[in-house]
Structure formats: structure tokens, C-alpha cells
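Asker: Here it is, the structure, as C-alpha cells.
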Amino acid sequence: MFSRSFLASLTVIISLFVALSSQAQGLNPVGVSVDIRYLVDPTRNLNLEAVLALQPERFHRHDRSDINFGYTRDAVWLRVSIESERDRTVLLSMSPNFVDLIDIYAFPSNHLSVAAPVRHVSTGDHRPLPSDGLSGLDDMLELDLKAGKATVTYVRLAALGSAITTNVQVYAKEDGPRRSAATALVTGVWFGSMGMLVVIQLVFFYYDRRPHYLLLALSTLLAGVVYTGTLGLSRVFLFPEGGMENDVFVSVSVWLGLTASTLAVAYILDLRENNLWLHRLFLAGSVLGLVGAVFGAAGLQQTFAPVGSLASMLLATLAAWQGLRTAKSGGAATQLRAAAYVVFWVGVIAVMVQRTALVDLPNWVAHTYAVACVVQTILLTAALGVRLRAAEALNLVMQQQALAAAKAAQVHANALVEERTRELASARRTAEDALQAELRSQQQQVQFMEVISHQYRTPLAAIRTHVDNIGLSLPKTDEANRSRLERVYKGILRLVEVLEVNLSRARLQGPSFRPVLQRVLVAEVVAAAANRGRDLLQSTIVTDMAPHAADARIYGDADMLGIAIINLLENAEKFSRSRSRQPIRLSCEIGEATAVISVSDKGIGIPAGDLPTIFDPARRGSNAHDIEGSGLGLSLVARISAAHGGTIRAESVPGQGTRVAIEIPLSRD
């Protein structure tokens with residue numbers, strides 16, 4: 001990539017150098033001599049008559065064909081005297097065509113008088129293009145030379161928003177097509193090179209979305225836009241009717257180019273990481289470019305030009321310095337980058353010194369900036385390409401390393417999988433053994449409860465029979481003994497209920513957890529559970545039935561749901577015993593699609609941090625350590641609720657009480 005970029009840049013440099021050198025020589029036709037003299041008019045008030053009246057020594061000799069007075073508000077008069085050894089027709093050319101006001105006065109041979117016939121051509125980019133068929137990129141005038149006689153032409157140059165810089169050349173009319181073709185070739189090569197570089201940078205940006213690619217493409221594009229003005233293309237194609245538009249177009253393009261290029265420098269040189277104060281300075285330079293664009297749009301280019309020129313030279317110098325300082329930090333890419341900014345610095349210094357007329361330099365010096373722009377862009381593009389190629393190579397190495405690491409990880413993972421498989425197989429056997437042991441324990445527990453229930457039922461039945469007989473034998477007036485028998489009777493009922501509830505609970509916690517779903521009235525389930533709870537707990541239980549609860553049906557296992565409600569009532573009674581004597585409230589509400597069965601108490605409550613896990617097996621509130629319990633009651637309720645397609649939730653405020661609600665879908669059959 002670098003070799004191709006270098007060859008391309010070398011080709012462009014040679015072609016531009018040859019073309020520009022041939023133009024810079026400004027060779028006159030054989031046998032033709034040209035004498036150029038100038039006069040500066042600070043007042044801008046001298047007219048042709050006043051100039052003709054001046055003594056010849058007031059005009060200063062100028063030994064070059066190019067005229068450069070930079071940004072000035074003075075008017076300049078040129079006196080061009082042309083002599084030929086034979087009669088011939090020549091073209092007097094003044095290029096480029098962006099000087100604001102040009103007045104050309106051509107006199108016949110040896111007739112320097114206002115009264116003599118004069119050819120007057122008014123041109124300049126503030127006026128419409130001449131309709132002579134000759135002027136275009138150059139302002140031209142056709143002159144008929146007589147052998148041995150001097151033909152004198154006076155030219156007045158004035159600027160309102162641009163520099164006074166022009167190249168006065170005389171050449172044979174028949175050489176016009178050749179020179180036009182050479183100019184078109186040079187212009188086409190330069191713009192074509194810049195256009196290709198813009199496309200390359202946009203391609204880089206497409207594959208690597210970093211801002212410096214886009215900023216470099218923008219600064220390259222704006223450099224091309226600037227040269228459409230300085231080479232006269234915008235004057236011909238965009239603003240043929242004259243006015244301030246061409247000055248505004250050129251100056252705004254210049255200062256926007258400064259903004260884009262300074263931002264590009266900040267990113268390409270990594271100033272944010274490498275030199276923070278320089279980064280801030282270049283950001284300020286980008287703002288300065290925007291300010292310059294505002295001045296240019298307002299037609300105040302000459303006012304702002306000195307400040308902008310000085311800032312441009314300073315920024316170009318700092319960019320070259322930073323590029324050289326970091327040239328060895330990143331191999332070929334940083335070296336190319338440093339070379340690019342050194343070349344650009346040479347171009348900027350040359351054009352600024354020449355355009356501001358700080359030193360009387362020929363006009364071709366300004367074209368070094370065009371060459372510098374191309375070379376800089378090529379070198380930066382090559383540097384970015386080298387960096388992109390290095391990143392690609394690094395990415396390839398990283399991919400290979402990642403692939404090798406992935407293969408090693410796969411081998412290691414396979415070994416781990418085999419090891420974990422053996423461990424899981426062993427753990428599964430252990431779990432299965434533990435499960436079988438748990439099932440056997442649960443079965444034994446159920447069998448034990450069944451035996452206890454069976455063994456206790458017969459003596460309890462006998463005791464209940466004798467209590468009934470004793471009650472029948474007592475006189476109706478013996479209230480004391482009847483009260484004692486009533487308490488014995490209630491104790492027997494409570495003991496029977498305890499045995500039945502624990503037997504049902506043991507069965508549900510064992511392998512028999514299989515609900516038998518039937519359409520049942522939810523009110524009957526709640527009422528039966530409330531009665532069993534009163535017998536079992538000997539507590540005050542208040543029931544609240546919604547108006548539509550009597551007719552609401554659900555698909556459920558009545559016995560299983562009853563155990564769930566009794567568990568909730570038992571919890572409410574247990575955690576309210578030492579806190580409040582208020583009754584436990586059992587409610588049944590009917591929603592649009594669910595029946596909500598809830599139990600509320602005024603007990604110790606559950607801390608907020610414990611609520612998310614309160615329905616897990618063997619989990620209790622952190623404030624219940626001094627109250628007996630296993631933590632299995634609420635988990636059993638949650639299992640029963642889930643088995644009925646319902647949900648369970650708890651709401652609690654520590655110290656104020658708890659509400660646990662079960663929601664079960666209603667039957668719509």
C-alpha cells in the first residue's frame with residue numbers, strides 16, 4: 001500500500017512541478033520584449049488622465065511577470081510596454097481571474113493620449129465576464145503589434161475582498177490552445193488526485209468508523225473547493241455575473257478548511273492523549289476558522305486575513321513540531337504522518353508569506369501549497385492505511401490467538417464436562433438415595449400418624465360415649481358438672497381435630513400430594529376451614545364473606561384447600577398470641593376472574609427483607625426466633641396454591657400485623 005501511494009505521489013509531484021514551472025517561466029514569444037512597471041495609488045482616486053500626466057520615473061520597474069501586493073486597500077497601476085521585431089498579434093494575459101477590479105487600457109503604438117483611440121476592458125471578479133470570447137480562467141486582451149513600435153497598456157488593479165496578485169504574460173495567439181490544454185491537464189490532474197484521495201478516505205471511514213478519516217476527507221474536499229476559487233473556476237462556472245460572491249465563496253471555503261484541517265490534526269496526532277494543551281489550542285484554531293468564515297461571509301476578508309494568516313502559520317508549525325516529536329512512536333505510520341505535516345508546513349508558510357506580500361515572492365510559490373496539499377494528503381492517507389493494515393494484522397494475530405485459546409478452552413471444557421458429569425452422576429445417585437430416604441421417612445411419618453390416629457380414635461370414642469352417658473344421667477339443674485362435661489367434650493373434639501389435621505398435613509407433605517380437582521363452592525370451603533380452625537385453635541376467628549361468594553365456584557380439592565387455610569389460621573394465632581387479643585380475620589373476596597382467600601392478624605409482622613423468601617421451605621421471619629415452628633407451613637400453602645393454578649402473596653408491617661392472600665381462578669362453567 002505504501003509503495004503504491006509513494007509512486008502516485010511522486011507522479012503527481014513531477015507532473016505538477018513541470019507544468020507549474022513551464023507556466024512560471026512566462027517565456028515571451030521570440031522577438032518580443034515586455035517591460036512592466038508599477039505605481040501604487042494609496043488614494044485609489046487616480047484616473048487614466050492623471051496617470052498619463054505623471055512623470056515616467058514615478059513608475060517602478062518590475063523584473064518579473066508576476067505581480068503580488070497581497071491584501072491591500074491600495075490601488076495599483078501597471079504600465080506594460082510591448083515591442084516586437086515584426087508585425088504580429090499577441091495575447092496579453094492576466095491570471096488568475098479572481099482580482100476584484102481590473103481596468104485595461106490599450107493604446108495604439110506611440111499614441112499615449114486620452115484623446116487617442118483607446119481599447120478599454122473592464123473585468124475582475126466583481127464584474128461580469130468579458131464577452132470578448134477570449135477571457136475565462138485568464139483575463140485576456142488581443143493586441144496588434146507593429147514592428148519596432150512600442151504598444152503600451154495601462155492596467156488598474158484594485159481589491160475589495162481579495163489579494164492583489166496576478167501574472168502578466170504575453171504569448172502568441174497561436175499558442176493559446178496549447179497553453180489552455182496544459183492548464184486543463186494540470187488542473188485535471190490536481191483535482192482528480194484530490195478527488196481520489198477523498199474517496200479513499202471515505203472508504204477507510206466506511207471500514208473503520210474513526211472521525212479522523214472523515215475529517216481528513218472533509219479538509220481535502222475543502223482544499224479542492226478553495227482551489228476552484230483561486231484557479232478561477234468558480235469565477236467562470238458559478239459567478240460569471242460578478243459581485244462579492246466569488247470573494248465570499250473563496251474566503252468561507254478557506255476558513256472552513258482551516259476548521260476541518262485543525263480538527264483532523266487533533267485526531268490524527270492523538271493530541272487529546274499525547275498533548276492536552278496542544279489539543280485545546282487546535283480546538284481553538286477550529287473555532288477561529290469558524291469566526292473567519294463569518295468575517296468572509298460578511299465581506300470582511302481583508303480585515304480578518306492578517307489574524308487568520310498568522311494563526312494558520314502558527315498551527316501548521318505546531319502540527320509539524322508535534323509530528324516530528326512523535327515520529328518514532330509508532331513506526332512507519334507516525335513517520336509518514338510527520339513527513340506529511342512538515343510538507344504541509346512548507347506549503348502553508350510559502351503561501352501565507354507570498355499572499356500577504358511579507359516578502360516579494362513570485363506567484364508560483366503560492367502553488368507550492370497546492371502541491372503540499374496533495375503530498376500531505378497522500379502521505380496521511382498512506383499513514384492511515386499503514387495503521388489500518390497494522391490493525392488488520394494485529395486483528396488477524398488476535399483472531400489466531402483467540403482461536404488457539406478457544407481450542408485450548410474447548411479441550412479444558414471437555415475435560416471439565418467429563419469431570420462434572422462424573423460428579424453429577426455421583427451427586428444424582430446421592431440425591432436419589434436421599435430422596436428415597438426422605439420418601440421412606442415421609443411414608444413412615446404418614447404411617448405413624450395413621451397408627452396414632454387409629455389407636456386414639458377408639459379410646460376417644462369410648463371416652464366421648466361415657467361423657468355423653470354421664471351428661472344424660474345428670475340432673476338438668478347440675479350446671480357445674482354439665483359445664484365440666486362440656487369442657488371435656490370440647491377437649492376431645494380438639495384432640496380429634498389435631499389428629500385429623502396433622503394426618504392430612506403429613507399426607508400432603510409426602511408422596512400423596514396429588515389434588516383431586518372438582519367444582520366446589522368457595523364459600524363452603526372457607527366456612528368449613530373456619531369451623532375446623534375454631535375447634536383446633538380455640539381462638540376467635542371472624543369471617544368476612546363477599547356478597548357474591550355464596551355462588552362462586554372454583555376447581556379445587558376442598559380438603560387440601562382447607563389444610564392451607566388452617567395453616568394460615570394457625571400461623572396467625574401463633575404469631576398473635578403474645579401481641580394482641582384481637583380476633584383473626586378470615587376473608588373471601590370475589591374478583592373478576594379470581595377468588596381471594598386471605599387471613600389477617602395483628603401480630604408481630606414480618607420484616608420487609610424477609611418477605612421475598614417467606615414462602616421458601618424452612619424459611620421464617622428473622623423476628624420469629626423465640627416462637628416455635630419449622631418454617632414449613634407457608635411453603636405448604638404456596639405449593640397448594642400453585643397446584644390449583646393460583647398465586648400467594650404476603651403483606652406485612654412489623655409490629656402491626658400480617659395479611660396473607662391466596663388467589664385461585666374462578667370456574668366459568
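Asker: Could you work out the per residue convex hull volume over the alpha carbons of region 257-336, in cubic angstrom?
Answerer: 76
Asker: Moving on to the next point. Compute, for E418, the solvent-accessible surface of its heavy atoms (probe 1.4 Å) with the complete set of protein chains present, and express it in square angstrom to the nearest 10.
Answerer: 110
Asker: Let me ask something else about it. Residue by residue through region 604-614, which ³J(HN,Hα) values in whole Hz follow from phi under the Karplus form 6.51 cos²θ - 1.76 cosθ + 1.60 (θ = phi - 60°), with glycine and proline marked x?
Answerer: 6, x, 10, x, 4, x, 8, 4, x, 10, 5
Asker: Quick one: putting +1 on the C-beta of Lys and Arg, -1 on the C-beta of Asp and Glu, what dipole do you get for region 287-410 around its Cα centre, in Debye to the nearest 20?
Answerer: It works out to roughly 400 debye.
Asker: Also, I was wondering about something else. How large is the charge dipole for region 73-194, taken about the Cα centre, if only the Cβ atoms of Lys, Arg (+1) and Asp, Glu (-1) carry charge, to the nearest 20 debye? Numbers along the way, then the final one.
Answerer: Numbers: 12 positive and 14 negative charges, 32 e Å.
Computed charge dipole of region 73-194: roughly 160 debye.
Asker: While we're here: Could you list the square roots of 5 times each eigenvalue of the Cα gyration tensor of region 236-296, that is, the equivalent ellipsoid semi-axes, sorted largest first and rounded to whole Å?
Answerer: Result for region 236-296: semi-axes of 32, 11, 4 Å.
Asker: Go through region 307-314 residue by residue and turn each phi into a ³J(HN,Hα) via Karplus (6.51, -1.76, 1.60, θ = phi - 60°); whole Hz please, and just put x for glycine and proline.
Answerer: Calculated HN-Hα couplings, in order: 5, x, 5, 4, 5, 4, 5, 5 Hz.
Asker: Going by accessible area, probe 1.4 Å, with all protein chains left in place, what is the ranking of L361, L561, largest first?
Answerer: L361, L561
Asker: While we're looking at this one, here's another question. Pop a pseudo-label 7 angstrom from the Cα along the beta-carbon direction at both Q518 and A404 and give the gap in nm to one decimal.
Answerer: Going from the Q518 label point to the A404 one covers 7.4 nm.
Asker: Now a separate question. Return the whole-Å distance between the Cα centroid of region 132-197 and the Cα centroid of region 585-601.
Answerer: Value for the Cα centre distance between the two parts: 100 Å.
Asker: Taking amide H positions as placed in the peptide plane 1.01 Å from N, state which residues far from I67 in sequence (5 or more) or on other chains have amide H under 5 Å from it.
Answerer: T166, N167, V168
Asker: With all protein chains present, calculate the accessible area of W345 using a 1.4 Å probe and round the result to the nearest 10 Å².
Answerer: The accessible area of W345 comes to roughly 90 Å².
Asker: Oh, and also: For region 161-166, take each phi angle, set θ = phi - 60°, evaluate the Karplus expression 6.51 cos²θ - 1.76 cosθ + 1.60, and give the result in whole Hz per residue in order, putting x for glycine and proline.
Answerer: Working through the residues one at a time gives x, 9, 7, 8, 8, 8 Hz.
Asker: If you count only protein heavy atoms with a 1.4 Å probe, what accessible area per residue comes out for region 108-266, rounded to a whole Å²?
Answerer: 42
Asker: Report the net charge of residues surrounding D74, where surrounding means a beta-carbon distance below 12 angstrom and charges are Lys +1, Arg +1, Asp -1, Glu -1.
Answerer: +2
Asker: Using a 1.4 Å probe, how large is the accessible area of S587, given in Å² and rounded to the nearest 10?
Answerer: 10
Asker: Give me, ordered by chain and number, the residues 5 or more places off T594 or on other chains with an amide H under 5 Å from its own placed amide H.
Answerer: L666
The values are calculated or read from the model by the stated rules, or taken from the named source; none is laboratory data. All of these numbers come straight from a predicted model, not from anything done at the bench. Cβ sites come from the backbone with ideal geometry, for glycine too, and all protein chains shown count toward neighbours. Accessible surface areas use protein heavy atoms only, side chains included; no ligands, DNA or RNA. Shrake-Rupley method; radii C 1.70, N 1.55, O 1.52, S 1.80 Å.
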